[in-house]
Amino acid sequence: MGLLARVIEEVGIPTIYVGSARDMMEQVKPPRSVFVNFPLGHQCGKPFDRELQMSIIKDALQALSTLDEPGTVVDLPYEWGEDFGFGVADGYQLPPDQQPPVANKGS
Amino acid sequence: MEPIKYVKMLDELYQGLGFPPYKWSVFRTTTWTPLEKPLEKCRIALCCSSGLSRKDQPPYDPYCRSDLSFREIPKDTPVEDLVINYAYYDHSDADKDINCVFPIERFRELEKEGYIGELAEINYGLGMGRMYKRTALQTQLAADIARRLKGTEVDALFLVPA
């Protein structure tokens, strides 16, 4: 999605990227982004918490309209309230038709 | 808490499953277009990459890889008509309230209160999944969406990655 943001911006449309994976954002450098330190799947807030969602979205829109340095990641001040993990279920397995192509061949 | 190190965790997960190391895109610089209008005059489109579609559209494969298709989501789509098919993170909260990742109701409210000019008529759901076609992602999918945004005079794109 960071790559997509870069292309869209390159052809003349400003973007704002609302992400929760800060290390990925630092690598791919979307033109403008805000970081929300929440579990994946909650970049715009908690379910049915309209006030929180609106606050995050408005912060993102302010970043869209005010940032002037390409590649800036703005850390938004929201806290999830408890520790959280990766977001992929434990014991994650790929389905049979998605196994790695010729895994470990030659190694 | 400290931000989770997703790159390291994903590398460990997939290399543990037998995949070769993933070639992350790493850049020193980026692209830039200034926003020329105040927010209250902007037409803004939403784009979410969580395998998001309308229930009357073909669903995404939850385990999709390099899926370069998109689904058009009209601005008046009722939230109960939207669905996420995605295996790469826990979206149980977003299933209950899609605004967690695709804040279409909030943007309709922002339009009504005049905070933004308007929500675009057409918004976008993407699948993508694990992406091994980065050139095509840029030259096909991103270029196609860029053309559509320009053709409908969208002023800015609000992106929520999965």
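The values are calculated or read from the model by the stated rules, or taken from the named source; none is laboratory data. All figures in this text were calculated on a predicted structure; none of them were measured in a lab. Neighbour counts run over all protein chains shown; Cβ positions are idealised from the backbone, glycine included.
Laid out as a table, the results:
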quantity: The stretch A:33-64: number of residues that are at the interface with chain B (Cβ under 7 Å from one of its Cβ atoms), farther than 22 Å from B:Tyr6 by Cβ and among the aliphatic types (A, V, I, L, M); calculated: 4
quantity: Any hit, the stretch B:23-37, residues being touching a helix residue (DSSP H, G or I) at 6+ places or on another chain (Cβ under 9 Å), in contact (Cβ under 8 Å) with a residue 40 or more places away in the chain, surrounded by 17 or more Cβ atoms within 10 Å (Cβ to Cβ) and assigned to a strand (DSSP E or B); calculated: no
quantity: Test result for B:Leu141, aliphatic (A, V, I, L, M) and in contact with a Phe, Trp or Tyr (Cβ under 6 Å, 6 or more places away or on another chain); calculated: no
quantity: Filtered residue count, the stretch B:138-160, keeping only those that are free of Cβ contacts under 8 Å to residues at least 24 places away in the same chain and charged (D, E, K, R); calculated: 2
quantity: Any pair with Cβ under 8 angstrom, 6 or more apart, that starts in the stretch B:101-121 at a residue that is within 16 Å of B:Thr77 (Cβ to Cβ) and ends at one that is surrounded by fewer than 17 Cβ atoms within 10 Å (Cβ to Cβ) and aliphatic (A, V, I, L, M); calculated: B:Ile104/B:Val79; B:Glu105/B:Val79
quantity: Residues of the stretch A:32-51 classified as more than 16 Å from B:Phe102 (Cβ to Cβ) and touching a residue at least 24 places away in the same chain (Cβ under 8 Å), total; calculated: 6
quantity: Close pairs (7 angstrom Cβ cut-off, 6 or more residues apart or separate chains): more than 10 Å from chain A (Cβ to nearest Cβ) in the stretch B:44-56, among the basic types (Lys, Arg) and not in a loop (DSSP other than H, G, I, E, B) anywhere; calculated: B:Leu52/B:Arg71; B:Ser53/B:Arg71; B:Arg54/B:Arg71
quantity: Any hit, the stretch A:90-101, residues being at pLDDT below 95 and among the acidic types (Asp, Glu); calculated: yes
quantity: Among residues of the stretch A:65-87, those that are within 24 Å of B:Arg28 (Cα to Cα), out of contact with any Phe, Trp or Tyr (no Cβ under 6 Å at 6 or more places or on another chain) and more than 7 Å from chain B (Cβ to nearest Cβ), counted; calculated: 7
quantity: Test result for B:Ala94, in contact with a Pro (Cβ under 8 Å, 6 or more places away or on another chain), among the aliphatic types (A, V, I, L, M) and either in contact (Cβ under 8 Å) with a residue 12 or more places away in the chain or within 22 Å of B:Ala120 (Cα to Cα) (or both); calculated: yes
quantity: Any chance B:Pro3 is more than 9 Å from every other protein chain (Cβ to nearest Cβ), without any contact (Cβ under 8 Å) to a residue 12 or more places away in the chain, farther than 27 Å from B:Leu149 by Cα and not in a helix (DSSP H, G or I); calculated: no
quantity: Wholly enclosed strands (runs of 3 or more DSSP E) of the stretch B:57-162 bearing at least 2 residues more than 8 Å from every other protein chain (Cβ to nearest Cβ); calculated: B:67-74, B:82-84, B:122-128
quantity: Where a residue in the stretch A:1-18 is over 18 Å from A:Asp75 (Cβ atoms) and touching a residue at least 40 places away in the same chain (Cβ under 8 Å) and its partner, wherever it lies, is among the aliphatic types (A, V, I, L, M) and surrounded by fewer than 24 Cβ atoms within 10 Å (Cβ to Cβ), with Cβ under 6 Å and at least six apart; calculated: A:Pro14/B:Leu35
quantity: Members of the stretch B:6-22 that are more than 26 Å from A:Ile57 (Cα to Cα), aliphatic (A, V, I, L, M) and not in a loop (DSSP other than H, G, I, E, B); calculated: B:Met9, B:Leu10, B:Leu13
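Condition check ((1) buried (at least 21 other Cβ atoms within 10 Å of the Cβ); (2) over 12 Å from the mean Cα position of the chain (by Cα); (3) among the hydroxyl-bearing types (Ser, Thr, Tyr)) across all residues:
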position	(1), (2), (3)
B:Ala45	yes, no, no
B:Ser49	yes, no, yes
B:Ser53	yes, no, yes
B:Asp56	no, yes, no
B:Asp61	no, yes, no
B:Phe107	yes, yes, no
B:Glu118	no, yes, no
